[in-house]
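A.B. asks: Sharing a structure, written as structure tokens. Questions coming.
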Amino acid sequence: MSGAEPEVEEARWGELVACAVAAMRGAYAPYSRFLVGAALETDDGRVFDGCNVENSSYPVGICAERVAIGHAVVSGARCFTRLVVASSGSAPASPCGMCRQALAEFGTDLEIRSVTETGEELRWTLDELLPAHFRLDDLVAGARR
């Protein structure tokens, strides 16, 4: 977290929650009916949103977190500081394994909050959720064998 005052930090988290909830409401989830939105903040304060988009061919669907990553990357962002995931479930949902690995590509000191519409919340860092992610060094080491 930055060195800003705690009230300012919480206000910023509140803005990210509102963005993630708004994105969640735009999700396309006719099969699972599990709506997810994400708000991904960059080191320069920009916020990129995303929602889950399902498909009748299930593997074609994409998670809200990866939509937000793509939204950010196409805009030139590469350094992320905070992520809020909002879901329509009764309990907060953590990013799936695939999303954790996709986020780790850009650094693992990301702060993550997951919220529900009823106000339930869980908090982690990406390092806590994915302590041993696959890295570029793993590819290089494999190529030397």
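The values are calculated or read from the model by the stated rules, or taken from the named source; none is laboratory data. Source: prediction; values computed, not measured. Note that we place each Cβ from the backbone using ideal geometry, even for glycine, and neighbour counts take in every protein chain shown.
A.B. asks: Mind listing just one residue for me: the one in segment 45-54 that is over 13 Å from residue 18 (Cα atoms) and in contact (Cβ under 8 Å) with a residue 24 or more places away in the chain and, of those, surrounded by the fewest Cβ atoms within 10 Å (Cβ to Cβ)?
C.D. replies: 46
A.B. asks: Something else: Anything in segment 68-106 that is among the basic types (Lys, Arg) and either in a helix (DSSP H, G or I) or within 23 Å of residue 121 (Cβ to Cβ) (or both)? List them, or say none.
C.D. replies: 82, 100
A.B. asks: Only one of 119, 97 is surrounded by fewer than 18 Cβ atoms within 10 Å (Cβ to Cβ) and closer than 19 Å to residue 70 by Cα. Can you tell me which?
C.D. replies: Details: 119 fails: closer than 19 Å to residue 70 by Cα.
Step by step, each of 119, 97 is checked, and only 97 is surrounded by fewer than 18 Cβ atoms within 10 Å (Cβ to Cβ) and closer than 19 Å to residue 70 by Cα.
A.B. asks: Which of (1) touching a His at 6+ places or on another chain (Cβ under 8 Å); (2) within 13 Å of residue 35 (Cβ to Cβ); (3) modelled with pLDDT under 95 does residue 50 not meet, given it meets every other one?
C.D. replies: (3)
A.B. asks: Among the listed residues 78, 82, which satisfies the condition of being crowded, with 17+ Cβ neighbours inside 10 Å and either among the basic types (Lys, Arg) or at positive phi (or both)?
C.D. replies: Details: 78 fails: crowded, with 17+ Cβ neighbours inside 10 Å.
Only one candidate passes the filter, namely 82.
A.B. asks: For segment 30-43, give me each residue that is part of a loop (DSSP other than H, G, I, E, B) and either without any contact (Cβ under 8 Å) to a residue 24 or more places away in the chain or closer than 16 Å to residue 96 by Cα (or both).
C.D. replies: Those that are part of a loop (DSSP other than H, G, I, E, B) and either without any contact (Cβ under 8 Å) to a residue 24 or more places away in the chain or closer than 16 Å to residue 96 by Cα (or both): 32, 34, 35.
A.B. asks: For segment 1-29, how many residues are assigned to a helix (DSSP H, G or I), over 17 Å from the mean Cα position of the chain (by Cα) and surrounded by 14 or more Cβ atoms within 10 Å (Cβ to Cβ)?
C.D. replies: The total comes to 1.
A.B. asks: Would you check if residue 63 is closer than 24 Å to residue 132 by Cβ, exposed (fewer than 15 other Cβ atoms within 10 Å of the Cβ), without any contact (Cβ under 8 Å) to a residue 40 or more places away in the chain and out of contact with any Lys or Arg (no Cβ under 9 Å at 6 or more places or on another chain)?
C.D. replies: So residue 63 does not fit the description; no.
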